[in-house]
Amino acid sequence: TIDVLKKAPKDEICSWVRVLVAALSCHAVPLLQDFIEDPDAARIQKLREEKIGDQAKIIELQKQIIDEREVQVKKIQETVHEEVKSVQKEMKSYSSVLQKEIKTQSTQFQENVASVVTAKKLGEAVKQVTEKEERAKNAVLFGVTEEKNEVLESKVKKILQSAGQKPRIVHCSRLGAVKAGASRPVKVSFANPTVAREVLRNGKKLKNVEDCRQIFICPDRTVEERKTQKELVAQMKQLRTENPGARYSIRNGQVMRSETSDT
């Protein structure tokens, strides 16, 4: 370049200088003036550009963080959903097993209760049969005058002899609490039910004996049977009142009208 300048004519060099000066005047001088007037402007501008770049990076980083969080949240949701499904499945399985176990236990409990109830009923039935068999050996005498220091067995034997009976008496006793002015019934136990039935069958003969007309002999009934018998007697009396000419009696747990009637 220096060699070119050395060889170039003076006029041409002057022309180049004028062009260069004009170019500097148009472009370099204003920039130089701005720098001279505000020497920090370029540095501030650079800082602004750097800040804008940093902000862009921060925004991009925040976006990445948000995207990553969304991915993690989605994964967590999927994991929770799978865990919930697994728990629900286990709960369903456990519920099924529990219901089956409850059903089994309920069945066993019902069977045990049924067994207990059956055993209880069987025991009650046996007790009732035994009690009935024992009562079948007895007879109860009503209307036997009660006296102080009485010899009850001798008194009962005399009454039964009046009805044509001489059975062996196993035991006899008064029933209930002592009441002034009242004679308690007498329960008499015999060796077997056959003897007791014979005494009951012949008990109606006492109405023809002068001193025994007020005495009548009945089976040894339970409380429930006595209640039923009392109701039947009341019904029979009512029918006799309504039909004075008819004859009624109690047979087989019912009030029966006889074929013949009084005229």
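The values are calculated or read from the model by the stated rules, or taken from the named source; none is laboratory data. Because the structure is predicted, anything quoted here is derived from the model rather than measured. Because the Cβ atoms are built from the backbone with ideal geometry, glycine has one as well, and the counts that use them run over all protein chains shown. The accessibility values were calculated without ligands, DNA or RNA, using every heavy atom of the protein model including side chains. Shrake-Rupley method; radii C 1.70, N 1.55, O 1.52, S 1.80 Å.
The share of accessible area on region 92-196 that comes from carbon and sulfur is 56 percent, using a 1.4 angstrom probe. Ordering of 235-243, 186-194 by packing is 186-194, 235-243, highest average first (other Cβ atoms within 10 Å, averaged per residue). Accessible surface for Arg184 stands near 50 Å², nearest 10, in the context of the full protein assembly shown (1.4 Å probe). Per residue, region 76-186 exposes 79 Å² of solvent-accessible protein surface, assessed with a 1.4 angstrom probe and all protein chains in place. Dividing the Cα radius of gyration of region 219-260 by 2.2 N^0.38 Å, with N the residue count, gives 1.23. Computed 3J(HN,Hα) for region 143-152, one whole-Hz value per residue from the Karplus formula 6.51 cos²θ - 1.76 cosθ + 1.60 where θ = phi - 60°, is x, 7, 4, 9, 10, 6, 6, 6, 9, 5, glycine and proline marked x. Shape class for region 169-224: oblate, because the ratio a/c of the largest to smallest gyration tensor axis (alpha-carbon atoms, square roots of eigenvalues) is 1.5 or more and b/c is at least a/b.
The calculated Kirkwood hydrodynamic radius for region 115-263 is 17.5 Å, given to one decimal from all distinct C-alpha pairs.
For the set Cys172, Cys14, solvent exposure ranked by accessible area (probe 1.4 Å, protein chains only) runs largest to smallest as Cys14, Cys172.
What separates the Cα centres of region 55-84 and region 188-252 is a distance of 102 Å.
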